[in-house]
Amino acid sequence: MVISRHLVASLALGALAALTGCYGSIPGAPAAGSEPVESMPSAATSQVAAPRDPGRVTLHRLNRLEYDRTVADLLGTRLRPGDDFPPDDSGFGFDNNADALAMSPLAMELYERAAERLIAVALLPQLTEPFVFRVAGDAAAEIEGIATPGEGVVLFAPTSRVAHQVHVPVPGTYRFVVDAFASDPNFAPGTLRLRVGQSEVATVTVDTLAAAPGAYAVDVPLEIGPAALSVELLSGELSGTTGLRPVTVLSLGLEGPADFEPPDPSLPSPRQRLLVCEPTDQDAAAGDACARSIIAAFLPRAWRRPVDADEVDALLSLYTLGRAEGLAFEDAVSLPLTAALISPSFLFRVEDAPPQEGPKPTDRLLSDYELASRLSYFLWSSMPDGELFDLAAAGALHDPATLAAQVDRMLADPRADALLSGFVGQWLFTRAVDELAPDVWIFPDFDPELRASMRTETELFFRTFLTEERPLTELISGGDTFIDDRLAAHYDLPPVGPGFVRITDAGPRRGGLLRQAGILAVLSHPNRTSPVRRGKWVLEQLLCDAPDPPPPGVDAFKEDEPGAPPTTLREKMEQHRVDPVCKSCHKVMDPIGLGLEHYDGIGAWRDTDQGLTIDATGELPGGATFDGTAELLPILSEDPRLPRCVSQHLYTYALGRGPTAADDGYLDDIAAAALADGLTFHALVKHIVTSEPFRMRRSEPEPPPAPAVSEESL
Amino acid sequence: MTRRTRHDHVSAVPRRQRFSRRAFLGGAAATIALPWLDAMTPTARHLARAAESGADRPKRLLCYYVPNGIHMPAWTPAQVGTGYDLPPILAPLAKVQSKVNVISGLANWAASVPVAGDHARGTGAFLTCVTPEKSEGGEVVNGRSVDQEVAAKLGHLTPFPSLQVATSGGINVGTCDSGYPCAYSRNISWAGPSTPLPKISSPRILFDRLFAGADPHATAEERDRRRRLRKSVLDHGTADATRLQNRLGASDRHKLGEYLQSVRELETRIDALADAPFCAVPDRPADGMDFPEVLAAMQDLIVLAYRCDHSRIVSFMLGDASSGRSFPFIGVSGGHHNISHHGKDPQNLADLEKIGIWEMQNFARLLEALDALEEPGGSVLDNSLVFLSSEISDGDRHNHDDLPVLLAGQAGGQVESGRHIVYPDGDPIADLFLSIMKWAGVEATTFGQDGTRPLPGILRA
């Protein structure tokens, strides 16, 4: 809270500073150019380093990704309740920022609903094979029509219908199937309305005849419990035809769920995991003992730490209450399990405050369990696994060699994929690929398949940095990438066959992040490229040298007047050079963005823009010149600010808090050590998790002092 | 012919009470509300309850936000007073023109600060009239919004003191606007300076929130037991939080305070909903709707929330600040925010006019639906106030004066509608909010940074 006020103050000053100059300095030439350029004071260059302080992370509510992954690991269910939660706000570029992760009545309500549902679904008997239900039309529970045994039901009147209730065993997407044909070839086709409960799920045109009845199907998401399937005849206007057009329904049924997978018999089912003893409804004492052991087994994993007898007793009382209210054993034991999932001990990552003696803040090492959670939420966005819990119980986690070994193990685990969405998706903006909405007339090639391929390309590419010991500079300079046939067509490359293929030398037009369609598209407007966004992204996300936002009252540049001869973006951006205020920042951003102009708004290569030849040459303020990405990317990848900047982003994500001046010293050390180790992702992670801020916690002065101007600043 | 019925579960609900899922899925927005109308004739029961719990004429407030400003030349009526000609963007309001006031000339001065970030700031200040503070770390400092002032006064009358509804949730990539945390761009309801109220953007979730747990088959005893058990489970959370308090520092205890407050509100609501009469509702909407369908479904659910008297105070965001949404379904292909920086380009201006008209078509449908609900003293619209505006006026200028403002409804007779009212001196919109608060019974002499009196000419003396 105190820090935020300083930030507010310094940001306000920064906005004023934009009137006279720009923070952004010069890629490829860290020394100032001829124009007055204020450099961001970084610890590497500042004269007075702030005293180091391991800091403290505010009580951290699990964000949506963390919640989903945690309950999946905890319970073994495949539900993703987090999709329903309010979006998490972010701070310092990441939505795992503890200060920004607020709690609201709405979130609480959804947590309660999610917890009830998770426990209910986890306790369901596991489906060992897909659910398939079929009833003959003439055997359905409810018939308004002409039923003939063995020959189905003829629906012929406006009120004709056939309906049957089915018990859905597990929630999921099911296929509602109707076998039917048009009863009278002279009055074909007929039209049916399919309903589940009161909801219409489909209207189908039955154009098959008795000789070859058709199977008409629609996929519907269903909850566990009774589902009333019904099929009604539509006639006249409703069906878009005239008169009655009879339809014979041979059968109706339900199949699913769509994502059914046969359970692995070597693994316990979610139900078996929870019910560690044989429940009984008969013997009250045995039931109580069983409930206690279920809670005692569940709670340390749910709360990610050992629990004491009082905590188990408190939950057991809910079971007792449920029994007293007349609930059956499983319903009663669901109450404490649900309560465990809406307790702050589950919803928040709790770290005890250091003992406070005297007015000065004190530090302490995190407990091993707290450290285990920091590790697992950093690398997996989930709870610790058995091995981490074991190491925590043994008190071994603070050992640097152990930490390094765990990093290697955890990065090799599939759960490390969470870094792709959680860290990479936000650091490099690739999460926004899911929200891309390019103008359909200007980019008719864009479709859901291309969107998916864009996302996969960046994920597979970044994953090589998790699995191979690659220097992170190759994110920019790497000549390799991953494509499938959809991207091959988009990139004008030969097809590669099914699936994604790594191409190690993609030629001069592809390879590395900055030549990937997804990132180029995310950094574009719906109808055209944005050299400014692209340039700003490089400065902000790769070099941590963000330019200030434009001063107020600045007009966006003009699109072409209708009828006027087209101009290139480069010509339009010359407007930025007229005003000295604009120029100070845009002379840094624009050349980088214009160097990427060969890639259009969805990242396809182009030689011309509106018929005008693209000029991708540029000169950076320091004097370095380039022509296109082949020359620009090496300049960027060798920029000395890159290692520190990558470190800073990953450190921010790892801790879930924004860096302050007191972190500068740590960050310099981490970047330098990682650089000495080849600047691999592994090296960076290891130096972060062994650093003091990751393993320690500082107490909070109390009460918080009044906001004041202090040495803490950007 | 054989007519058999083995079970009557399918036909348990009288046919006229059934709701087609088309209500939620109909692509042609014009037809969306229609299947409901029959079943939505308010039943005396709910309205009787409304009458018991409040005044004879229940006071409801809806605050409706549209992003990126409005093309004002096609919005502002040429004449003042009643009987003005509707400009193109307002033309869709023809059927309810007599129940709407167009208010010109108001300004949100708190948003008018010479710093970049007009969209975020205009949205943060939209209902607070307080200049939001910038920060990179996500911490926010704003004011309390007018809907929450009203909710503090009237919210206790309904299970949901207020609802926050939207059509999109927004993504969390990058900073939202020039150093302003995303919370300002995404929330217009603020319970307090640092407490934005998150909104619901999925019709399914809003539906669940309003109606899940309303099991018509459960006996009173079963419902009562369920209520007791839910509260016991929540009580455990409270106890756990209280235990944790002792181990934590001040900031962490503040976070736990948010948790405790949230649990308390949920417990209150469990009781309120349990006491509420059963309200016939349509089927649960499915996921996977496109934007016009979501908008229509959300508007339907707002009407339904009023009809069932689950809430009387709603804020609605048609999009987040500086929304980049495109409108291919009306032939507008560029992103809204981009187009709003029109540079006086005729194509951009034409597109902005189309977007404005489309927004007003939807808004008109909402007003018409509220006007179709009869209750003591007139229609629901007659008894309500519906405020509509945007975070800026002109997309190019980013100005916060000459705002596009509609105030629909007659506030139970306290507002004379059907007028175009002009305030040539740039009166603060905070004064309009003071008028709304006065009507709602909120005792306040100031609001936000510049509200000092109820805006003259709004409430009848």
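What follows is calculated from the coordinates using simple rules that are stated; it is not laboratory data. The structure displayed is predicted, hence computed values, not measured ones. Because the Cβ atoms are built from the backbone with ideal geometry, glycine has one as well, and the counts that use them run over all protein chains shown.
Based on the alpha-carbon gyration tensor of the range B:251-385 and its eigenvalue square roots a ≥ b ≥ c, which shape applies: rounded if a/c is under 1.5, prolate if not and a/b is larger than b/c, or oblate?
It comes out oblate by the Cα gyration axes.
If you take the square roots of the eigenvalues of the alpha-carbon gyration tensor of the range A:453-537 and sort them as a ≥ b ≥ c, do you get rounded (a/c under 1.5), prolate (a/b over b/c) or oblate?
Verdict is oblate for the range A:453-537.
Hey, could you get me the Stokes-Einstein D for the protein assembly as shown, Kirkwood radius over alpha-carbon pairs, 25 °C and 0.890 mPa s, rounded to whole µm² s⁻¹?
76 µm²/s
In percent, what relative contact order does chain A have, based on Cα pairs under 8 Å that are 6 or more apart in sequence?
Answer for chain A is 19 percent.
Using Cβ contacts closer than 10 Å as the measure, can you line up B:396, B:287 from fewest to most?
Neighbour counts put them in this order, fewest first: B:287, B:396.
Using θ = phi - 60° and the Karplus curve 6.51 cos²θ - 1.76 cosθ + 1.60, what whole-Hz ³J(HN,Hα) does each residue of the range A:414-426 get, with Gly and Pro shown as x?
3J(HN,Hα) across the range A:414-426, in whole Hz: x, 4, 5, 4, 4, 5, 5, 7, x, 8, 4, x, 9.
Hey, with R₀ at 30 Å, roughly what FRET efficiency would residue A:273 and residue B:232 work out to, going by the Cβ-Cβ distance, to 0.05?
Approximately 0.75, to the nearest 0.05.
Arranged by the count of other C-beta atoms within 10 angstrom, fewest first, what order do B:260, A:62 take?
Least to most surrounded, the residues fall as B:260, A:62.
Could you list B:417, B:311 so that the one with the fewest beta carbons within 10 Å of its beta carbon is first and the one with the most is last?
Lowest to highest Cβ neighbour count: B:417, B:311.
Kindly state, to the nearest 0.05, the FRET efficiency for residue B:95 paired with residue A:217, given R0 = 51 Å and r defined as their beta-carbon distance.
So, using R0 = 51 Å, E works out to roughly 0.75.
Let me know the mean shielding of B:259-270 by other chains, meaning the per-residue number of their Cβ atoms within 10 Å of its Cβ.
5
Could you pull out every one of the aspartates and glutamates with an alpha carbon less than 15 Å from that of residue B:344, ignoring same-chain neighbours closer than 8 positions?
By straight Cα distance, residue B:344 reaches A:555, A:559, A:560, A:561, B:353, B:394, B:396.
What's the extension gain from residue A:502 to residue A:80 if we count 0.36 nm per residue and subtract their Cα-Cα distance?
Using 0.36 nm per residue and subtracting the Cα-Cα distance, I get 148.8 nm.
For the protein assembly as shown, what does the helix formula give at 222 nm: sum of -39500 (n - 2.57) over DSSP H segments with n ≥ 4, over the residue count, nearest 500 deg cm²/dmol?
Value at 222 nm, helices only, nearest 500: -11000 deg cm²/dmol.
Which trypsin sites (Lys or Arg not before Pro) from the range A:586-660 combine a DSSP loop assignment with at most 16 other Cβ atoms within 10 Å?
Those that pass, being in a loop and sparsely packed, are A:606.
Roughly how big is the range B:51-164's charge dipole about its Cα centre, with Cβ charges of +1 (Lys, Arg) and -1 (Asp, Glu), in debye to the nearest 20?
So the magnitude is around 320 debye.
Let me know the volume per residue of the alpha-carbon convex hull for the range A:576-636, in Å³.
101 Å³
Restricting to DSSP loop positions (anything but H, G, I, E, B) with no more than 11 other Cβ atoms inside 10 Å of their own Cβ, which trypsin sites (Lys or Arg not before Pro) remain in the range B:373-461?
B:460
Which entries of B:134/B:199; A:536/A:583; B:153/B:438 have Cα-Cα distances beyond 18 Å here?
From B:134/B:199; A:536/A:583; B:153/B:438, over 18 Å: B:134/B:199.
So which DSSP H runs in chain A come out at 24 Å plus along the axis (Cα) with average Kyte-Doolittle of at least 0.5?
A:284-303
Within straight cross-link reach of residue B:95, meaning Cα distance under 24 Å, which lysines are found once same-chain residues fewer than 8 apart are removed?
B:59, B:354
What is the average number of partner chain Cβ atoms found within 10 Å of a Cβ in A:341-349?
Mean inter-chain Cβ contacts per residue within 10 Å come to 6.
Counting only other chains, and only Cβ atoms inside 10 Å, what mean value do you get across the residues of B:241-249?
Mean partner-chain Cβ count within 10 Å for B:241-249: 6.
Report Rg/Rh for the range A:302-377, rounded to two decimals, where Rg is the Cα radius of gyration and Rh the Kirkwood radius.
Over the Cα atoms of the range A:302-377, Rg/Rh equals 1.15.
So which trypsin sites (Lys or Arg not before Pro) in the range B:309-353 pass both tests, a DSSP loop state and at most 15 other Cβ atoms within 10 Å of the Cβ?
The qualifying sites are B:344.
Assuming R0 = 22 Å, what is the FRET efficiency of residue B:446 and residue B:156, from their Cβ-Cβ distance, to the nearest 0.05?
For residue B:446 and residue B:156, the calculated efficiency is 0.40.
Is the range B:341-439 best put as rounded, prolate or oblate by its Cα gyration tensor, with a ≥ b ≥ c the root eigenvalues, rounded for a/c under 1.5, and otherwise prolate when a/b is larger than b/c, oblate when not?
oblate
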